[in-house]
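The values are calculated or read from the model by the stated rules, or taken from the named source; none is laboratory data. Keep in mind the model is a prediction, meaning the values are calculated, not measured. Here the Cβ positions follow ideal geometry from the backbone for every residue, glycine too, while neighbour counts run over all protein chains shown. Ligands, DNA and RNA are excluded from the accessible area calculation, which covers all protein heavy atoms including side chains. Shrake-Rupley method; radii C 1.70, N 1.55, O 1.52, S 1.80 Å.
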Amino acid sequence: MKHALALTLMLAAAPALACEVPADLGGLRGALLVQTNAERASAGLPALRMEPRLGEAAQVQACRMADRERLTHRGSWFAGLGRRLRRVDYPYATAVENIGEGHRSAAEIVRGWMESPEHRVNMLNRQITEAGFGVARAENGRLHWSMVGAAQRSE
């Protein structure tokens, strides 16, 4: 019991996640959606819709990566994508995540994702219908990118 209380106090006292967000975050997110949908259209797939909760989950991950200055699909306490989506109250049937670091523009990161076989599969996933994007600048100046694509679970 003492250990659980100490852990709870440590978590409550943990500093807020430092995150520098580019001034043009909205424009970057829009460009990411346009670029992603252009790739999907080229493959004969329907366009994705922007979903704010997915954007929130993606931004949290971009901030965590920028804060640590490293790529990872895990968040705090090894939380994966499923936990992040539950935290933003998104009832998903399927979900995918792409991350990247160091690319200077939306076109550059989307091109990078499309050139990577694993990321390409996520970009062209027929099951996803919505997307959200996150971008954060690390202390070293490098941008960290996150895309979350998903489809809601039917209730």
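Expressed as a whole percent, the accessible surface of the range 76-139 that belongs to carbon and sulfur atoms is 48, based on a 1.4 Å probe.
Karplus-based coupling profile of the range 22-28, in residue order and whole Hz: x, 4, 9, 3, x, x, 5, with θ = phi - 60° in 6.51 cos²θ - 1.76 cosθ + 1.60 and x standing for Gly or Pro. Between Leu45 and Glu108, the contour length at 0.36 nm per residue exceeds the Cα-Cα span by 20.6 nm. With both labels modelled 7 Å from their Cα along Cα-to-Cβ, the Ala38 to Val21 distance reads 2.5 nm.
Ligands, DNA and RNA are left out, and with a 1.4 angstrom probe the accessible area of the range 27-147 is 48 Å² per residue.
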